[in-house]
Structure formats: structure tokens, C-alpha cells
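Written below as C-alpha cells is the structure these notes are about.
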Amino acid sequence: MDFLLQNWMLVAVAVGSAAMLMWPAFSGGAGAGVSPTEAVQLINRDKAAVIDVCTPQEFAQGHVTGARNIPLDALEQQLPQAVKNKATPLVFVCASGVRSRRAVAIAKKLGYERAVSLAGGMAAWRSASLPVQKA
């Protein structure tokens, strides 16, 4: 006990470091989602459905080929009709990855356990030189 009291700063640094290392696990994984390469593998191997949660205007400017547009504010109502099988893997996409992370939380609340977010959104998809479809 004397060691802890005499070296309280070392103990504080150790506890702080441990907390920072464990933060991703407590915040729902790394929080970043899957890379564009991992998303392509999910789409090709596991027949994942791609759901774009951008606004219709953003969707029209460019989206993942074959993606369905369900704006984030309508996701809870429209997702059960769009993807009836809750075992189907879902890849959520938005412009930057922020809204798609929220979409994953909504999907998991609805029972879609295989839902993931595209890390970096359409910006990462484009920078990986993957195909973009315009409406």
C-alpha cells in the first residue's frame, strides 16, 4: 500500500493508459467500421446488402453500385421492408461514416446483428478507386 501512495503519479498514468487502450472495446468496437476492401468482400462473398443512409440528393451525386437509399431519419421504418431477412449482412454507407455508424446502432436495435459501417464513407470508397454509380 505504501508503494501506491508514494508513486501515485505512476499509478495514475498506468490507469489512464489502460483506460485509453480499452476505450474502443467500450465504445462499440474500433468505431471505424470496415474498410472498403472488407466491404467488397462482404458484398461478394456473403451477399451483403448495401444501404446508403445519405439524403436522396447526396445519393444522386454518387453511391456504391447496387446500394439502396434509405435516409437515416427513415431507416427505422423502412429497413424492415427493404431487408426482410435479419441474417443478411448489411453494409451501411454515408458521405463520411458518421451517419452510417448511427445506422448500425439502429439496425442492431431492430435485430440485424450482421450490420457494419463503411469506415470513411463514400470518401474512402472513392479514394480506393471503387465503382461509383450516379442516379
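The values are calculated or read from the model by the stated rules, or taken from the named source; none is laboratory data. Since the structure is predicted, the reported quantities are computational estimates derived from the model, not experimental observations. Please note: Cβ atoms are built from the backbone with ideal geometry, for glycine as well, and neighbour counts cover all protein chains shown.
Condition check ((1) at pLDDT 85 or above; (2) assigned to a loop (DSSP other than H, G, I, E, B); (3) more than 14 Å from the chain's Cα centre (by Cα); (4) at negative phi) across all residues:
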residue	(1), (2), (3), (4)
5	no, no, yes, yes
10	yes, no, yes, yes
16	yes, no, yes, yes
28	no, yes, no, no
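Remark: pairs (first residue in segment 50-68, assigned by TED's automatic domain parsing to the domain that holds residue 80; second residue of a type in the set (Ser, Thr, Tyr) and assigned to a loop (DSSP other than H, G, I, E, B); Cβ separation under 9 Å; 6+ apart in sequence or on different chains) = 50/65. Using the structure shown, decide if residue 75 is over 21 Å from residue 135 (Cα atoms) and surrounded by fewer than 21 Cβ atoms within 10 Å (Cβ to Cβ). Judged against the criteria, residue 75 is not a match.
Of the residues screened, residue 98 is one that is at pLDDT below 95 and of a type in the set (Val, Ile, Thr).
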